[in-house]
Structure formats: C-alpha cells, structure tokens
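Read through the structure below, which is laid out as structure tokens, and then see the notes.
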Amino acid sequence: MRMSVHVGCVFLTGLASAASAQSVLLRALEPGPPMTERELQHSEIARSSFLFVQPPEPRTFMAHDLITIIIDEVSKQEASQSLETKKDSTASVGVNALIDPWELLELRLREGGLSNQSLLDLTTKRKFKGEGDYERSDRFSAKITAEILEVKPNGTLVLQAIKTIQKDEETQTLVLSGVARQEDVTNRNTILSTQLANLTLTAKNEGQVRDSARKGLITRVLDAVFNF
C-alpha cells in the first residue's frame, strides 16, 4: 500500500514538472511586442559585427533637472551713412513809384520822385555734407548652470539660470533664459548658448567701478546741449 502511494506521488510530481516546462516553453515561443526601427537596426548590426556596442538609451529630462550652459556669444555691428543737402533761394522786393503825400492832402494823386527803388534783395544758400561710420564688436564667454522649468509636450526644455557674484561691494548679476532640444544636450550634460532658441541674456554690474565709469550730471547735460 505504501509503495503504491509513493509511486502515485512520484507520478504526480513528474506531471507537474512536465507541465511547468511546457508552460515555460510556450511563453518563450509567444511573440513579444514589435521592435522599433532603432532596435531593429541595432539588432542587425549586432548580428553582423563582433565590435558592436549597444548605445545608451536616450536620457529623459524632468522639471528641476540641472544643465550646464556654455556661453560664447559674439556680435559685430557695422554701419556707414553719408548725407549731402543743398538749397538755394532768392527773394527781391522793389518799388516802382510812391505817392506824393502833399498832393494827397490836396486830394490829388501824383507820383513822387522815388522810382524803381529796390527795398529788399536777398539771396540765401545752404549746403550740408556729413559722413558717419559705426563699428562695434562684443564677445561674452561664461559657464552657468540652468534649471529646467518645464518640459514641453514636444520634448523641448525651458531653461532659466540666475547667477550673482558679489566681491568688494561690487555685484554682478547674470540672467539667462531660453528653450533647448533634448538631443542637443551632450553626455556631459552641457549645451551651447548658440543652440538655445528665444535666448535672453542680461548681464548687470553694480558698484563703485560702474559708478566711476559713468559720466557726471554736468557732463551729461553739456553733451545734451552741445550735441553737435
């Protein structure tokens, strides 16, 4: 009796093992989710090359993540202008005859002795010629860490950075904002300022150095009055 029970247990255990193995085999044969085009390309390259290295998965960004922005802005402006004006005008006033006042008192009209007298003979000429050239070159280089304020539905990143440096009663404030594409962020978590859209860059200095470089009140008034 014990022998038959033991054989039955062994038989049931074997059936369970076979069923488990069959279930694993069926799961392995079940088709998985379809592969993306990128995964198919990588799979084909991996099968044909022993030196293939699987590239890292694209990084995902979230609000409040930090990105280092490398600022290298160069601007150059040139302008040239010339102006030339010329104006001539002539005016003359003459008297052909005058009435004799003594004859006028006697109710008689008689021309006086003044005839063909020129009272006004005016000629004016005006000429102006001016030329001007303007040239300016600026370059701003720095590094600043920006915070992601928002991730747009299309994946672009809204960045903002504020940096304040204080030294010897001198304060320098740098404010930057812009929109970046995720694919432009390098593996070192950096991006160039030239790759930002809607870039706004403001640098402001406050302190004695800035005040000493500004013109005084009297100088500014004289420049406004004698601006020629």
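Report the calculated FRET efficiency for GLN182 and LEU149 (r = Cβ-Cβ distance, R0 = 25 Å), to the nearest 0.05.
So, using R0 = 25 Å, E works out to roughly 0.95.
Using modelled backbone amide H atoms (1.01 Å from N, in-plane), which distant-in-sequence or interchain residues come within less than 5 Å of ASP65's amide H?
ILE148
Within 10 Å of each residue's Cβ, count the other Cβ atoms and sort PHE61, PHE128 from fewest upward.
By the 10 Å Cβ count, ascending, the order reads PHE128, PHE61.
What order do you get for VAL151, VAL74 when you list them from fewest to most C-beta neighbours inside 10 Å?
Least to most surrounded, the residues fall as VAL74, VAL151.
Find out how many positive minus negative residues lie around ARG136, taking Lys and Arg as positive, Asp and Glu as negative, among other residues whose Cβ is under 15 Å from that of ARG136.
Summing Lys/Arg as +1 and Asp/Glu as -1 gives -3.
Compute the distance in nm between two label points, each set 7 Å from the Cα along the Cα-to-Cβ direction, one at THR202 and one at THR85.
Distance between the two pseudo-spin positions: 3.8 nm.
Starting from the Cα-Cα distance between ASP138 and ILE165, subtract it from 0.36 nm times their residue separation and give me the gain in nm to one decimal.
Contour length minus the Cα-Cα distance gives 7.6 nm.
Below 13 angstrom from the Cβ of SER75, what's the summed charge of the other residues (Lys, Arg +1; Asp, Glu -1)?
That works out to -2.
Since every read-out is calculated from the coordinates, none of them should be taken as a lab result. Given the structure is predicted, the values throughout are model-derived calculations rather than measurements. FYI the Cβ positions are ideal-geometry reconstructions off the backbone, even for glycines, and counts take in every protein chain you see.
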